Amino acid sequence: MITQLIGRMVEKTPTQVVIDCNGVGYAVHISLHTYSQLGTEENVKLYTHLQIREDAHTLYGFFTPMERSVFQLLISVSGIGASTARMMLSSLEPHQIQRAVISEDLVTIKSVKGIGLKTAQRVLIELKDKMIHLFDGKEIQALANNTIKEEALSALEVLGYSRKQSEKVIDNVIQSNPEYSVEALIKAALNKL
């Protein structure tokens, strides 16, 4: 199993890179997330997943081990192949997928092209416990605050503020003080809106 490549990037497109490792060029399929992380450095390190089928051996590359782990979990779900998993990682960042699965955010998962209602439900059911193990303690605490965040967002929407604008402000407030209650969070957000 090829799990990582370190070499010289000789070609780069939004969907694929070619990595020269001591004279051997590996074609590696990548997500848009990885593409944006690669930059212009010639020497690169990619974490890889090798998919072996009867008719092809295909390498998928990821900028971080976390992204590779999310990819591997996604392809373990019935109905999600490597192309769909790569599409999900191109549409959403790995942490966004994790948060959506753990908080059972069906709308976010369904927003990815090629994911229908039943597949999205399967993702949430099959991966919730597995995604929690990819987080460290700090991130789990942030997810616990997600319900408080949603309640505060709903309250601000009722007061006439746009969800997009409110979400940015609330995220900033939560970062500065993650222990806020719903009421304190709404008050702090109102002062900044």
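For the structure I just gave you, tell me whether residue 171 is at pLDDT below 85 and in the same structural domain as residue 95 (by TED's automatic domain parsing). No, not satisfied.
Looking only at the range 92-109, filter to residues that are over 18 Å from residue 67 (Cα atoms) and hydrophobic (A, V, I, L, M, F, W, C); which one of those is surrounded by the most Cβ atoms within 10 Å (Cβ to Cβ)? Don't jump to the end; show me each part of the working.
Taking the range 92-109 first, the residues over 18 Å from residue 67 (Cα atoms) are 103-107.
Narrowing the set further to residues that are hydrophobic (A, V, I, L, M, F, W, C) leaves 106-107.
Working: 106: 15, 107: 8.
Ranking the candidates gives 106 first.
As a summary of the residue check, residue 112 satisfies the conditions (1) crowded, with 18+ Cβ neighbours inside 10 Å; (2) modelled with pLDDT of 90 or more; (3) not basic (Lys, Arg) except for the one numbered (2). For the range 149-173, the set of residues classified as among the aliphatic types (A, V, I, L, M) and surrounded by fewer than 13 Cβ atoms within 10 Å (Cβ to Cβ) consists of 158, 159, listed by residue number.
Within the range 176-187, track down each residue that is part of a helix (DSSP H, G or I) and either touching a Cys at 6+ places or on another chain (Cβ under 8 Å) or more than 15 Å from residue 150 (Cα to Cα) (or both). Result: 176, single match. Evaluate the range 16-31: report whether one residue or more is out of contact with any Asp or Glu (no Cβ under 7 Å at 6 or more places or on another chain), touching a residue at least 24 places away in the same chain (Cβ under 8 Å) and within 19 Å of residue 134 (Cβ to Cβ). The answer is yes; a qualifying residue exists.
How many residues are surrounded by 12 or more Cβ atoms within 10 Å (Cβ to Cβ) and either in contact with a strand residue (DSSP E or B) (Cβ under 9 Å, 6 or more places away or on another chain) or not aliphatic (A, V, I, L, M) (or both) when one looks only at the range 179-191? Reasoning before the result, please.
So the first thing to find is which residues in the range 179-191 are surrounded by 12 or more Cβ atoms within 10 Å (Cβ to Cβ), and the list is 180, 182-190.
Pick out the ones that are also either in contact with a strand residue (DSSP E or B) (Cβ under 9 Å, 6 or more places away or on another chain) or not aliphatic (A, V, I, L, M) (or both) and you get 180, 183, 187.
Total satisfying the criteria: 3.
The residues on offer are 76, 176, 83, and the sole one that is surrounded by fewer than 18 Cβ atoms within 10 Å (Cβ to Cβ) and in contact (Cβ under 8 Å) with a residue 40 or more places away in the chain is 76.
Counting only helices (runs of 4 or more DSSP H) that sit wholly inside the range 40-123, those with at least 1 residues that are under 30 Å from residue 22 (Cα atoms), in contact with a helix residue (DSSP H, G or I) (Cβ under 9 Å, 6 or more places away or on another chain) and not hydrophobic (A, V, I, L, M, F, W, C) are 65-75, 82-91.
Restrict the check to the range 147-161 and report whether at least one residue is assigned to a helix (DSSP H, G or I), closer than 30 Å to residue 30 by Cα and within 22 Å of the chain's Cα centre (by Cα).
Here is the first cut: in the range 147-161, the ones assigned to a helix (DSSP H, G or I) are 147-158.
Applying the additional criterion that residues be closer than 30 Å to residue 30 by Cα yields none.
Scanning the range 147-161, I find no residue that is assigned to a helix (DSSP H, G or I), closer than 30 Å to residue 30 by Cα and within 22 Å of the chain's Cα centre (by Cα), so the answer is no.
Confirm whether residue 144 is at pLDDT below 90, surrounded by 14 or more Cβ atoms within 10 Å (Cβ to Cβ) and either within 17 Å of the chain's Cα centre (by Cα) or over 28 Å from residue 15 (Cα atoms) (or both). Before you say what the answer is, go through the steps one by one.
Details: at pLDDT below 90: yes; surrounded by 14 or more Cβ atoms within 10 Å (Cβ to Cβ): no; either within 17 Å of the chain's Cα centre (by Cα) or over 28 Å from residue 15 (Cα atoms) (or both): yes.
Considered against the rule, which asks whether it is at pLDDT below 90, surrounded by 14 or more Cβ atoms within 10 Å (Cβ to Cβ) and either within 17 Å of the chain's Cα centre (by Cα) or over 28 Å from residue 15 (Cα atoms) (or both), residue 144 comes out as no.
So is residue 63 closer than 19 Å to residue 84 by Cβ and of a type in the set (A, V, I, L, M, F, W, C) or not? Criteria not met by residue 63. When the residues of the range 17-39 are filtered to those that are within 19 Å of the chain's Cα centre (by Cα) and part of a strand (DSSP E or B), the one that is surrounded by the most Cβ atoms within 10 Å (Cβ to Cβ) is 30.
The values are calculated or read from the model by the stated rules, or taken from the named source; none is laboratory data. None of these values were measured; they are calculated from a predicted model. Counting neighbours? That spans all protein chains shown, and the Cβs are built from the backbone with ideal geometry, glycine included.
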